[in-house]
Every structure is written in structure tokens, then in C-alpha cells.
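Taking it in order: structure first as C-alpha cells, then the write-up.
The values are calculated or read from the model by the stated rules, or taken from the named source; none is laboratory data. Note that the coordinates shown come from a computational prediction; the quantities given were computed from them, not determined experimentally. Cβ: placed from backbone, ideal geometry, glycine included. Neighbour counts: every protein chain shown.
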Amino acid sequence: MQDDVVPTPKKGKANNEVNDTSSQEGIRGKIRANKTILLVATVFAVLGFVGTVVFYQKYQDVKSNPGQAQKAQNSAETQRVLGELKKVLRIDEKEAPTVARVEDPAKLKTANAEFYKNVEKGDYLVIFPKRAVIYRESINQIINIAPIISTSGTAAEQKPAAADTKTTNTTTNPRTTTR
């Protein structure tokens, strides 16, 4: 019969100590969680403030000097397009090309229907000293290439001839008459 007896826990310090330590650990865990949440919130607040200050500074720079901001944006776009174009076309020219984004393909097609026949809005016209290239960045493809034929040599030859004609006309005066 003595085997059926289950010892009952004694009320005293040992039992209370177990309850106190488990409740203290629960409180410590909650405090740690609260500190972590507070730390994360503080980091996000600081990053948000720094981002706001940086973008406000950029806004003020653009507002005070819009031409410079546009120039910087155009330069960055030109470098990006030329970098992508160099992946599909060998570029040996030493002079910097002119890069323009196509905004109205219809106008270009009226100017030169054959060269601009496949041009679309958003394509880039890259003009080098000896050739013109239409480049579509969205598919990284060259749409058309044409050589640039310089007419400056023929114009230079015609100018002296025109100048000689003018000097000849001015030196002979058909109105000289004697009475």
C-alpha cells in the first residue's frame, strides 16, 4: 500500500524559485523582442531620413540648374547607348558620335524613307563622322547602317569657281560709255 502513495510537492522556496525563473525568462524574452523591434524601426527611420535628405538635395540641384542636370542625364544616356552598341558593332572612330533618340519616326521617314523605313519611337540614331547607325536598345540590334558621304569636297571645288565668276563679273563693267 505504500507504493500507491504519490509524494506531493512541498510548498516552499524550491517550487517558487522555479516559477520565478520561468516568468523572468519570459519577461526577458519579451524585452529582447521589443528591443529588436525598436532597433529595426530606428534603422528604417534613419535610412528614411537620410534618403529624404539626399533626394531633397538632388531636387534642389535640379531646380537651381536644370540645364546642367539635363546635360548630365544626356551624357549618361549617350554613354550607356554607346556601351551597348559597342557590343554588337565595332567602333573605331576617335571622335565622339552624336546620339539622338527617335521621338517622331514619321518625320524621319519623310526626310529619307529608305534609311528610316524600319525606325520606331525609342530607337537611337548614332551619327559618326563616316556612318550613321540606327540602333534599337530594347532588343540590342542594329536596324540600319549607312555611310555618310561628305559633299564638302565638291562644294569647296565649286566655291572658287563661283568666286572667280563673281570677280569676273565685277571687273568687267558693261556700262562704261563715252559721250
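Residue pairs whose Cβ atoms lie under 7 Å apart, sitting 6 or more positions apart in sequence or on different chains, and linking a residue in the range 52-74 that is more than 18 Å from V99 (Cα to Cα) to a partner that is surrounded by 10 or more Cβ atoms within 10 Å (Cβ to Cβ), are D61/A69; V62/A69. Is there a residue being touching a Gly at 6+ places or on another chain (Cβ under 9 Å) and at pLDDT 80 or above anywhere in the range 93-102? Yes, the range 93-102 has at least one match. Based on this model, can you work out whether V99 counts as within 19 Å of the chain's Cα centre (by Cα) and part of a strand (DSSP E or B)? The answer is yes for V99. Scanning the range 134-148 for residues that are outside any loop (DSSP other than H, G, I, E, B) and out of contact with any strand residue (DSSP E or B) (no Cβ under 9 Å at 6 or more places or on another chain) turns up nothing.
For the range 82-126, give me the residue count where each residue is more than 12 Å from I142 (Cβ to Cβ) and either basic (K, R) or out of contact with any Pro (no Cβ under 9 Å at 6 or more places or on another chain) (or both). Within the range 82-126, residues that are more than 12 Å from I142 (Cβ to Cβ) and either basic (K, R) or out of contact with any Pro (no Cβ under 9 Å at 6 or more places or on another chain) (or both) number 25. Within the range 89-113, the set of residues being more than 17 Å from P129 (Cα to Cα) and either aromatic (F, W, Y) or surrounded by 11 or more Cβ atoms within 10 Å (Cβ to Cβ) (or both) comprises R101, V102, P105, L108, K109, N112.
Determine if the range 108-131 includes at least one residue that is of a type in the set (S, T, Y), at pLDDT 85 or above and either in a loop (DSSP other than H, G, I, E, B) or farther than 25 Å from Q73 by Cα (or both). Checking the range 108-131: at least one residue is of a type in the set (S, T, Y), at pLDDT 85 or above and either in a loop (DSSP other than H, G, I, E, B) or farther than 25 Å from Q73 by Cα (or both).
Just one of (1) in contact with a helix residue (DSSP H, G or I) (Cβ under 8 Å, 6 or more places away or on another chain); (2) part of a loop (DSSP other than H, G, I, E, B); (3) of a type outside the set (D, E) fails for K94. It is (1). Go through the residues of the range 61-81 one by one and say whether even a single one is assigned to a helix (DSSP H, G or I), modelled with pLDDT under 90 and in contact with a strand residue (DSSP E or B) (Cβ under 6 Å, 6 or more places away or on another chain). Checked the range 61-81: at least one residue is assigned to a helix (DSSP H, G or I), modelled with pLDDT under 90 and in contact with a strand residue (DSSP E or B) (Cβ under 6 Å, 6 or more places away or on another chain).
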